[in-house]
Structure formats: C-alpha cells, structure tokens
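The values are calculated or read from the model by the stated rules, or taken from the named source; none is laboratory data. If you're wondering where the values come from, they're calculated on a predicted model, not measured in any experiment. Every residue, glycine as well, gets a Cβ built from its backbone with ideal geometry; the counts of neighbours run over all protein chains shown.
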Amino acid sequence: MKKPYVFIISQFFEPNVDAVISRLNQRGVSYFRLNTETIPLITTISLYEGAEELYTIISCDGKQVDTRCITSVWRRRNGEFVYPNVSCAQERGFIRHESASMLHGAFESMRCSWVNHFMSDYRANVKPYQYEIAKQVGLTVSRTLITNDPDAVKEFARSLPVPVLFKPVIGLTTGGPPNFSAEIQATYDGKFNIPPAIPESRGSEVRALFSQVLDDDKIKHLNTIAGCPAIFQEYIKKRVEIRITIIGNDMFPVEIHSQDREDTKVDFRAQTLLETSQFLHHEVHKLPDDISAKLMKLMKELNLVFGCVDMILTPNGEYVFLEVNTAGQWGWIEHLTGLKITDALTDLLIRGSIDSEYNV
C-alpha cells in the first residue's frame, strides 16, 4: 500500500493551501505544491509513455515528484502562466496552449483520488448545467436568463413580478499580484528563487464582481451587455443566506445574516470590503434532512468531491439553490464559527478516494 502523497495544484497567493499544508506537515504527510505561475519558465514537466503506463516527472526548486507515487490530487485553482519575453500576443497564445496541453497530459497520468477532477470541475462550473442538475435532484432554482441580448433582458424583467438580479457568469478577473509576471521574469536565473508563497500583505489582483439589482438606472445601460454576457435572475427575498461547504461525505452548513446590513442585503460577499471585526453574524445551521440529501445527490451527479454551495432561506422557510463553487473560500467561515473545515479536507486528501475510482 502506498504511503500518502498529496499533489496540490495552486497559485502562489492561496491562504487555504497554506493552511492545508500546515496540517500535512503536522501529520508528517509528503506533498508537492505546483504553483502554475511557474509554468513553463521554472517548473519542468516530462511525460513518459512507459512500458505499462503513462507517468510524469515534475520538478521545481530542487524538488521532484513521480506521478506514480501520488495518492491524491487537490486541484485548488490555477494561476496564470508566465511567459518568456516574447514580442507578440500570437506567440504568447501559442505558448499558453502548448503549456496547458502538457499540463493536462500530466493530469491524465495522475491515476488516484482527485479533489476535484479537472474534467468534472470544468463541466460543473458551467452554470446552466449546474441549474439543470440542481432541478433534477429536486432543489428549487430561481428563474434565470443568461444572455448578451439587451432586448431579452427587458422582456425577462417585464415577465417577472419581482425585481431582477444580475451577476457575472463567472465573475473573477485574475492576474496575480501587481507586476508579478515581470518579477518572475526578472528574477529567474536558472533556479527557483521566488518565495514559496506571496505574503498576503502584498495583495492580489483577483477581483470579484458582486450581484446587483437591475434598477432603472442600470436598465439605461443594458446595451453594454452586447459586449459581455451576464446572468439575470428573479430576486429572491431572504431570511438569511446559507453557505454549505461540502467535503466528501462531510457537510458544513452556516447561515450568514446578510439582511442585518443594508450594503450586504443583495450579496453577502460585500462584507469582504469591511474590516474582519465588522463581518456579518455567522451561525452553524441545521439543514432539513431532505435538503441535505438533495445536496449530496447534486454533488454525486456533478462528480464533485468538494464544493461550496450558496442557498437562500426565504422568509417563509423555503430553500433556494444559487450555485455551487468548486473553488470556494472557507477560511473566514472557519474563523467565525470554529468549524473544522480545513481538517476535514486534510483528512480526505490523506485517506484518498471516497466514491469512484478517480472521482471523474
């Protein structure tokens, strides 16, 4: 039987990964952290079609891993690749596609437990697919339109007796800390001499766009969506918002009292603009058994091992599904509630598969 060996796919600035690695170190479990910003300039990846199986050797900063030794993979999230000083976008595009293909080939050689498998993760993040599966397992989903057609939005709004909420389809802009690409290129001298993690104080360019109500003023500017699609949904009144972090067979439901503040009523994530001491009241929540069962079925149908589900609990006690985020954050929830979410994830990574052969 193999000794536990955890392979982590991440980016430099990722406090959740730092927390899990701390637990792995405490328990004496070997791991390899691949920050994807080191591809292709710093990390070397070599795929071999051996006599019996495909395997990959990955090396970075004097540390090397053979994928045949890996017992579980945590695909947390990818950072942007960093390119050589090439002169045109066409060359950068070529390098990006070649590097991504090589990396995905390496993923195929990791025949072990995944959290979450990259193919399942990709499909699960297609919002219409999420909504359909959620309805199939019996969850309530608000009426939704995804479009770049201003006229379709106006007609959708006229058809509803309630306001319309709009939000981005994905909602993140990435790029890492300021001037990070230039720093890697400037300091790379044939060996890895970038710190293993970028201090949180340096900040990040990852930004989220919050949900908003489509009021009369915003309707005047609807023509701009012709250049970029968005999601439009009926606005659901809330008693509280529910964030359910699901890790394998463990479920951590927490109610977030977003209606306590005017600036968080539409989207509780607006609390991230506040000091931590001003965060909303969070409280461990007891889900009804039927909702818990439907959520576990949702995860199974989406082939996900990890996910952060957002739901609304309405004033009349109905649970409405919003989305499942396959790379959701949980650090602030753990801090405010004391729930042992990081420990549950660490346990899962150490013990390996809980369901299917490769979690695909």
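What about Y31, is it in contact (Cβ under 8 Å) with a residue 40 or more places away in the chain and either in contact with a Ser or Thr (Cβ under 7 Å, 6 or more places away or on another chain) or assigned to a strand (DSSP E or B) (or both)? So Y31 does not fit the description; no.
Residue count for region 300-324 under the criterion of being buried (at least 17 other Cβ atoms within 10 Å of the Cβ) and closer than 24 Å to S258 by Cβ: the result is 14. Residue count for region 315-333 satisfying the condition of being closer than 17 Å to V284 by Cα and either at pLDDT 95 or above or touching a His at 6+ places or on another chain (Cβ under 7 Å) (or both): 3. Evaluating F94 against the criteria (1) loosely packed, with under 14 Cβ neighbours inside 10 Å; (2) farther than 25 Å from Y122 by Cβ leaves one unmet condition, (2).
Where helices (runs of 4 or more DSSP H) fall wholly inside region 60-170, the ranges with 2 or more residues that are modelled with pLDDT of 90 or more and within 27 Å of L302 (Cβ to Cβ) are 89-108, 118-124, 127-136. Remark: pairs (first residue in region 276-294, modelled with pLDDT of 95 or more; second residue of a type in the set (S, T, Y) and not in a helix (DSSP H, G or I); Cβ separation under 6 Å; 6+ apart in sequence or on different chains) = I291/Y319. Annotation: T174 fulfils all but one of (1) crowded, with 16+ Cβ neighbours inside 10 Å; (2) at pLDDT below 80; the unmet one is (1).
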